[in-house]
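J.: This is the structure I want to talk about, given as structure tokens.
The values are calculated or read from the model by the stated rules, or taken from the named source; none is laboratory data. This is a predicted model, so every value here is computed, not measured. Glycine gets a Cβ as well: all are built from the backbone with ideal geometry, and neighbour counts include every protein chain shown.
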Amino acid sequence: MQGLIPLTSLGLFLSSRPKLIDVRSPREFSQGSIADSVNLPLLTDEERHLIGIEYKTKGQQAALDLGHRLVSGDIKRERISRWNSAVQDQGHCALFCARGGLRSQISQDWLSTTNPIPRIEGGYKAIRNVLLHEIESALSVLKSLVVTGTTGSGKTHFLFRFGDDPAIRSIDLERIAKHRGSAFGDVYGVQPTQASFENSLGISLLECRFHFPDSLLLLEDESSTIGRVTLPRPFFQKLLALPMVEIVLPLEQRVSNIIQDYFEGTRELLPDVEGASHQEKLENYFLRSLTKMRKKLGGARFEALRAKIAAGFQDQGAACSFEPHRVWIRELLQDYYDKYYLNHIERHRDRIRFSGPPDEVADWVSSYVENASSRIVE
């Protein structure tokens, strides 16, 4: 299908998570793009720079002529070949440039004889506008509920316990941000740029609004920042006004959850360090993360915890078990994270609709959805 994805249907198109070919330059792509899009530029950074100079000094036609000279022959054939391969691999797709101008028009024209695909009207700028508007407005129209609870209560796991139930959907903000939200949350590697984070959030919200408009959307209770990315202010303000359910778990069970998530669950996440074992990578990761908390902990408490973490790893090797780490994890939860959470929850106590263990909260959520559906039917 060749043609144009118009602005009027761009939101619906993006909600289906199409595979997109981004023909902007690598530098533009690195500053922000759409998740799972592939960057197959019409022009390299250097070629774009040269054409920009030509445009400023000699005008549009001279810039076009230079572009056709720079991208011709084998270079042109190689770029078309890469586009063709991407189209065949990705199926449902479209291409875009910065503003829907000459770069996407030329790319589409070159592809037209082998793999005609649509381009997006207004390009990346239009995509950004649609997604930012969705972020600002979605929580005003979607039925939403925030899942809260102390550190280690399993909030993120709870988001997905309803499986593929179309009546209950979830958006994992931490997965989109590639960060677990605390000083110890940097386990996914490099975080996306702010723009890329916002784009992924916007598409997730579009998917809910267009394909699951009557569903209940679950979101985890988050601060305004997740690692180095920030929740857009309009979205965060609405998040703070949503009703909540609270997961309550005993301390020892929360310690066990931390061990499962941050020790067992990071084998495939922590970056490779040549010659380092998983235990060595873990120790380096936890000590480095604790250093970020030095100021808040205070010097004496920081040094004490640092020593207990080191001892935990020493004992781990001897015991062939993660259990020695329970000592410092328990202390960190009780003396640090729980105090912050209790202060937070007291400010938002009036938003909590139900508190209890995960199974009871899940039953309440299911009943909440069923009752809401009954009211709609009536």
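Conditions (1) over 30 Å from Leu205 (Cβ atoms); (2) among the hydrophobic types (A, V, I, L, M, F, W, C); (3) touching a residue at least 40 places away in the same chain (Cβ under 8 Å), marked per residue:
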position: Lys19; (1), (2), (3): no, no, yes
position: Pro26; (1), (2), (3): no, no, no
position: Ile34; (1), (2), (3): no, yes, yes
position: Ile75; (1), (2), (3): yes, yes, no
position: Phe96; (1), (2), (3): no, yes, yes
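J.: Continuing with the same structure: In the stretch 353-367, which residue that is in contact (Cβ under 8 Å) with a residue 12 or more places away in the chain and assigned to a helix (DSSP H, G or I) is nearest to Lys292 (Cα to Cα)? Don't jump to the end; show me each part of the working.
T.: Residues of the stretch 353-367 that are in contact (Cβ under 8 Å) with a residue 12 or more places away in the chain, as a first pass: 353-358, 361-362, 364-366.
Narrowing the set further to residues that are assigned to a helix (DSSP H, G or I) leaves 358, 361-362, 364-366.
Values: Pro358: 31, Val361: 33, Ala362: 35, Trp364: 38, Val365: 36, Ser366: 39 Å.
Per the stated criteria, the residue is Pro358.
J.: Here's something else I'd like to know. Only residues that are of a type in the set (S, T, N, Q) and either modelled with pLDDT of 95 or more or over 28 Å from Asn343 (Cα atoms) (or both): list them for the stretch 185-223, please. Step through it out loud before you land on a result.
T.: Initial filter on the stretch 185-223 (of a type in the set (S, T, N, Q)): 191, 193-194, 196, 199-200, 204, 215, 223.
Correct list: Gln191, Thr193, Gln194, Ser196, Asn199, Ser200, Ser204, Ser215.
J.: Could you check, for the stretch 70-79, whether at least one of its residues is aliphatic (A, V, I, L, M) and within 23 Å of His211 (Cβ to Cβ)? Break it down stepwise before answering.
T.: Taking the stretch 70-79 as the starting set, the residues that turn out to be aliphatic (A, V, I, L, M) are 70-71, 75.
Then keep just the ones that are within 23 Å of His211 (Cβ to Cβ); that gives none.
No: the stretch 70-79 contains no residue that is aliphatic (A, V, I, L, M) and within 23 Å of His211 (Cβ to Cβ).
J.: Something else about it: Say whether the condition of being among the basic types (Lys, Arg), touching a Phe, Trp or Tyr at 6+ places or on another chain (Cβ under 7 Å) and over 25 Å from Ser289 (Cα atoms) is met by at least one residue in the stretch 202-214. Spell out how you get there, then give the answer.
T.: Pass one, the stretch 202-214, residues among the basic types (Lys, Arg): 209.
Narrowing further to those that are touching a Phe, Trp or Tyr at 6+ places or on another chain (Cβ under 7 Å): none.
No, because not a single residue in the stretch 202-214 is among the basic types (Lys, Arg), touching a Phe, Trp or Tyr at 6+ places or on another chain (Cβ under 7 Å) and over 25 Å from Ser289 (Cα atoms).
J.: Among the residues of the stretch 228-245, is any surrounded by fewer than 17 Cβ atoms within 10 Å (Cβ to Cβ), out of contact with any helix residue (DSSP H, G or I) (no Cβ under 9 Å at 6 or more places or on another chain), in the same structural domain as Met293 (by TED's automatic domain parsing) and not in a helix (DSSP H, G or I)?
T.: For the stretch 228-245, residues surrounded by fewer than 17 Cβ atoms within 10 Å (Cβ to Cβ), out of contact with any helix residue (DSSP H, G or I) (no Cβ under 9 Å at 6 or more places or on another chain), in the same structural domain as Met293 (by TED's automatic domain parsing) and not in a helix (DSSP H, G or I): absent.
J.: Of Val23, Val87, Val38, which residue is of a type in the set (Val, Ile, Thr), touching a Lys or Arg at 6+ places or on another chain (Cβ under 7 Å) and closer than 17 Å to Ser104 by Cα?
T.: Values: Val87 fails: touching a Lys or Arg at 6+ places or on another chain (Cβ under 7 Å); Val38 fails: touching a Lys or Arg at 6+ places or on another chain (Cβ under 7 Å).
One residue alone meets the criteria, Val23.
J.: Might you let me know whether the stretch 333-352 holds any residue that is in a strand (DSSP E or B) and either touching a Phe, Trp or Tyr at 6+ places or on another chain (Cβ under 7 Å) or touching a residue at least 24 places away in the same chain (Cβ under 8 Å) (or both)?
T.: Taking the stretch 333-352 and keeping what is in a strand (DSSP E or B), we get 352.
Imposing the further condition that a residue be either touching a Phe, Trp or Tyr at 6+ places or on another chain (Cβ under 7 Å) or touching a residue at least 24 places away in the same chain (Cβ under 8 Å) (or both) reduces the set to 352.
Yes; the residues of the stretch 333-352 include at least one that is in a strand (DSSP E or B) and either touching a Phe, Trp or Tyr at 6+ places or on another chain (Cβ under 7 Å) or touching a residue at least 24 places away in the same chain (Cβ under 8 Å) (or both).
J.: Give me the pairs, please: first residue somewhere in the stretch 283-305 and over 14 Å from Tyr337 (Cα atoms), second residue anywhere and small (Gly, Ala, Ser) and part of a helix (DSSP H, G or I), beta-carbon distance under 8 Å, and either six or more positions apart or on two chains.
T.: Here the result reads Glu283/Ala310; Leu287/Ala310, each pair linking the stretch 283-305 to a residue that is small (Gly, Ala, Ser) and part of a helix (DSSP H, G or I).
J.: Going through the stretch 100-151 one residue at a time, which ones are of a type in the set (Val, Ile, Thr) and within 21 Å of Pro6 (Cα to Cα)? Before you say what the answer is, go through the steps one by one.
T.: We begin by selecting, within the stretch 100-151, every residue of a type in the set (Val, Ile, Thr); these are 106, 113-114, 117, 120, 127, 130, 135, 141, 146-148, 150-151.
Hits for the stretch 100-151 are Ile106, Ile117, Ile120, Ile127, Val130, Ile135.
J.: Another question about this same structure. Taking only the stretch 283-306 into account, find how many residues are closer than 18 Å to Arg330 by Cβ and surrounded by 17 or more Cβ atoms within 10 Å (Cβ to Cβ).
T.: 7
J.: For residues in the stretch 33-47 being over 12 Å from Phe96 (Cβ atoms) and at pLDDT below 95, which is nearest to the chain's Cα centre (by Cα)?
T.: Ala35
J.: Residues to consider are Gln314, Gln279; find the one that is at pLDDT below 85 and over 19 Å from Arg254 (Cβ atoms). Lay out the reasoning, then the answer.
T.: On the way: Gln314 fails: at pLDDT below 85.
Checking each option against the conditions leaves just Gln279.
J.: Looking at the stretch 114-138, which of its residues are in contact with a strand residue (DSSP E or B) (Cβ under 8 Å, 6 or more places away or on another chain) and among the aliphatic types (A, V, I, L, M)?
T.: If we filter the stretch 114-138 for residues that are in contact with a strand residue (DSSP E or B) (Cβ under 8 Å, 6 or more places away or on another chain), which is where we start, we get 117-121, 123-124, 126-127.
Ile117, Ile120, Ala126, Ile127, listed by residue number.
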